[in-house]
1. Which net charge results when you count Lys and Arg as +1 and Asp and Glu as -1 among the other residues whose beta-carbon is under 11 Å from that of Val121?
2. Peptides 53-66, 27-40, 74-87: what's the order by average Cβ count within 10 Å, highest mean first?
3. Provide the gained length on full extension for the span Leu18 to Gln111, in nm with one decimal, where the gain is 0.36 nm per separating residue minus the Cα-Cα distance.
4. What residue among Ile8, Ser23, Ala155 has its Cα farthest toward the positive end of the dipole of the chain, where the charges are +1 on Lys, Arg and -1 on Asp, Glu, each on the Cβ?
5. Helix-derived [θ] at 222 nm for the chain: sum -39500 (n - 2.57) over DSSP H runs of at least 4, divide by residue count, nearest 500?
6. Compute log10 of I(q)/I(0) for the chain with the Debye formula, placing one identical point scatterer on every Cα and leaving out solvent, at q = 0.08, 0.12, 0.18 Å⁻¹, to two decimals.
7. With each label point set 7 Å from Cα along the Cα-Cβ vector, what nm distance links Thr48 and Arg192?
8. Please find the FRET efficiency linking Ala174 to Ala103, where r is the Cβ-Cβ separation and R0 is fixed at 41 Å, and quote it to the nearest 0.05.
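What follows is calculated from the coordinates using simple rules that are stated; it is not laboratory data. Fair warning: this is a prediction, and the values are worked out from it, not measured in the lab. With ideal geometry, Cβ positions are generated from the backbone for all residues, glycine too; neighbour counts draw on all protein chains shown.
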Amino acid sequence: MANDFSEISGAALKQMGLKVTKSEIAMFRQYMILLDKWNQVYNITSVTPKNKWVSTHLYDSCSIISDLPSGPLLDIGTGGGFPGLPIAIMQPERQVVLLDRSAKKTTFLRQVIVELGLKNVKIETSRIESYEPVKRFDVIVSRAFSELKIFLLNASRLCSADGVLVAMKGKYPAAELAIIPKLNIKQVKKLRVPQLAAERHIVELAPNLQL
């Protein structure tokens, strides 16, 4: 694979109902180039080989954009910036906070937002249990939580009363959904991600404000 990630395609994003500019494509490529550079030293992502990054990380992150309501967004356990940073690139009007407890990953993310000139992104180095935002978020997303119950338990206090928690999943998480109160389940949707053969779903939850 070429080091310039020239395979990133506006056509692939269009398949997901997204309009992308040449400037945004250029930012995506620069982002992947920076990830490649930093990953050689700091192991930002464990996905190998790196020719899978575009589909597994970038397109996967963009696949949820059409389903997100407006408003400030928090990405919990963002790691290398997924899905929050691609969302911020595609939606410059949205305020995005990327939260991760790993200082090496948040240092990487700070470098990315400087080099890409992103003004709508804030980076926080913290465990979710310790994070205390000034205001609650309208949208909270995560690819990092292993269980929906834990996501609901940890993220609800950070979400506005009419906000939504969006968990990114692989296969349909039947067992996890079975132990979530039905009143908290807003929607479960299967996604199609270009060039990614694996199953992908999103689960939209209403926050449990009694927690």
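1. Values: positive: Arg94, Arg110, Lys119, Lys122; negative: Asp75, Glu124.
Summing Lys/Arg as +1 and Asp/Glu as -1 gives +2.
2. 74-87, 53-66, 27-40
3. Working: separation 93, 0.36 × 93 = 33.48 nm, distance 2.63 nm.
Additional length available on full extension: 30.8 nm.
4. About the Cα centre, the residue reaching furthest to the positive side is Ile8.
5. Values: 6 runs with 60 residues, N = 211.
So the calculated ellipticity at 222 nm is -8500 deg cm²/dmol.
6. Here the Debye-derived log intensity ratios amount to -0.25, -0.58, -1.37.
7. Result: 3.3 nm between the two label points.
8. Numbers: r = 37 Å, r/R0 = 0.89.
Computed FRET efficiency for Ala174 and Ala103 comes out at 0.65.
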